[in-house]
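Novice: Starting off with a structure, shown below.
Each value in this text was obtained by applying a stated rule to the coordinates, not by laboratory testing. All values reported here derive from a predicted model rather than from experimental measurement. Cβ placement follows ideal geometry from the backbone for every residue including glycine, while neighbour counts extend to all protein chains displayed.
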Amino acid sequence: MSSWDMKRKILTLLREDEEFKYAVAGLLGMEEILRKLAEHDKKFNEIVAKLAEHDKKFNEIVAEIKEIRSYMDRTSISLEEEAREVISYKLRERGIDISLRRLFIEGLEVDIYGCTDDLCVVGEVTTRLGVGLVKRILGLVEEVRRKVPEVRDKRILAVIYTLWATPESIEEAEKRGIWVVEALRELTPFNPLD
């Protein structure tokens, strides 16, 4: 048998005869390496199976959260919608009938907006009112004056609707003439700005 035939026979045996392959690997000091690799493959496959189970459970949780959010959206009004309803009601009590909506104009978003012949309402909605928002609301009013032509010559009522306000924010709002309203009470006086 030629050396070329012998090499071909050995290569064929290595490909087809696992026992021969391990014998040769052992002789080359690789039997232990091959055994460890087989163990690692088995452990890797177990980990992949566990991850697949975690993915399944995670997807079930995400689906449940989406279902709860969808239910909440269907059954409750948003805080902004509530704010517009409460502010409209409080204005009607003062004899001011105004339709309030959300305003988007030139990169500006205003949560509470509406105008009559001589008064415009510009406001924000927040769950917790701090001094920072009180200071920013007047900047928002000025932006609305610049970007919305119908507002320029009218009195503006700056309003913030909140679920909770810090005492400092109420004090600051009162100083600046900003009307702060919670669902059941007015925290500062009604005071349209000129």
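Novice: As an exercise, use a Förster radius of 22 Å and the Cβ-Cβ distance of W4 and A25 to find the FRET efficiency, rounded to the nearest 0.05.
Specialist: It comes out at approximately 0.45.
Novice: Helix 31-75 against the longest principal axis of the chain: what's the angle in degrees, Cα atoms only, rounded to the nearest 10?
Specialist: With both axes taken from Cα atoms, the answer is about 20 degrees.
Novice: With a 10 Å cut-off between alpha carbons and a GNM built on the chain, which of I137, I65, I160 moves the most?
Specialist: Of I137, I65, I160, the most mobile in the Gaussian network model is I65.
Novice: Multiplying the sequence separation of F44 and R185 by 0.36 nm and subtracting their Cα-Cα distance, what value in nm do you get?
Specialist: Contour length minus Cα-Cα distance gives 44.5 nm.
Novice: Check the straight Cα-Cα distances from K154 and name the lysines below 22 Å, setting aside those fewer than 8 residues away within the same chain.
Specialist: The qualifying lysines are K90, K135, K175.
Novice: Also, I was wondering about something else. Write down the Kirkwood hydrodynamic radius of the stretch 61-194, to one decimal in angstroms, obtained as one divided by the mean of 1/r over all alpha carbon pairs.
Specialist: 15.5 Å is the Kirkwood radius here.
Novice: How many nm separate the modelled label positions at D17 and R69, each set 7 Å beyond the Cα in the direction of the Cβ?
Specialist: 6.3
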